[in-house]
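The block underneath contains the structure these notes are about, expressed in structure tokens.
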């Protein structure tokens, strides 16, 4: 089966299983915003689709709600650095396409690892490692990654060749400008225990 066929089958299976649908809605909200959804949010998201559909919807919504994005930034900084994001860091992340909370944490973790000791304000290219403990990742070949992007409705920022040259090989909603450390091609979501991390409730 193609990945498009598998995703179509997954959508059908999820619609038939209310508990699985709820679990996906909760996980997508945790990965997108760094918090659990309210019961009203869970009800409003019923029938929207699978994880990738929910994540894209969340990121589109958040692009028009900068205050919510700033809250996700502060949650990420508290999780990694035990402080709020500085004003200059909020400006840094706001200049880029909106990231999910999970990818934001992954990028922040990579930046902090590369710049210790003496961390100042976040700067440079947003990048994430396939080995980030905050992400669940699976390595993909370039061909499978292209098929996955097409099946999930994810697009490159510009053309595929330029994205590859810049190391933008992460397959995930909102990852169009995120570089992969080492140029490794992989699909990413929030780690299963990301919601349990201190300060992430």
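How long, wide and thick is segment 30-124, going by the Cα atoms along their three principal axes, in whole angstroms, largest first?
Computed over the Cα atoms, the extents are 47, 20, 19 Å.
Counting alpha carbon pairs within less than 8 Å and at least 6 residues apart, what relative contact order, in whole percent, applies to the chain?
Details: 292 pairs, mean separation 46.3, N = 201.
Averaging sequence separation for qualifying contacts and normalising by length gives 23 percent for the chain.
At q = 0.22, 0.24, 0.25 Å⁻¹, what base-10 log of I(q)/I(0) does the Debye formula yield for segment 62-117 when every alpha carbon is treated as an equal point scatterer in vacuo?
Taking Cα atoms of segment 62-117 as identical point scatterers yields -0.81, -0.97, -1.05.
How big is the convex hull of the Cα atoms of the chain, per residue, in Å³? If you can, show how the numbers build up before the last one.
Numbers: hull volume 23.3 nm³, N = 201.
Enclosed volume per residue, from the Cα hull, is 116 Å³.
At 222 nm, what helix-only mean residue ellipticity would the chain give, in deg cm²/dmol to the nearest 500, using -39500 (n - 2.57) for each DSSP H run of four or more?
Mean residue ellipticity, 222 nm, calculated: -16000 deg cm²/dmol.
Sort 127-134, 64-71, 104-111, 84-91 by the packing proxy (mean of other Cβ within 10 Å over each peptide's residues), most packed first.
Ranked from most to least packed, the peptides come out as 104-111, 127-134, 84-91, 64-71.
Readers should treat all values here as calculations from the given coordinates under stated rules, not as data from a laboratory. All values derive from a computational prediction rather than experimental measurement. Positions of Cβ are generated from backbone atoms using ideal geometry, with glycine treated the same way; all protein chains shown enter the neighbour counts.
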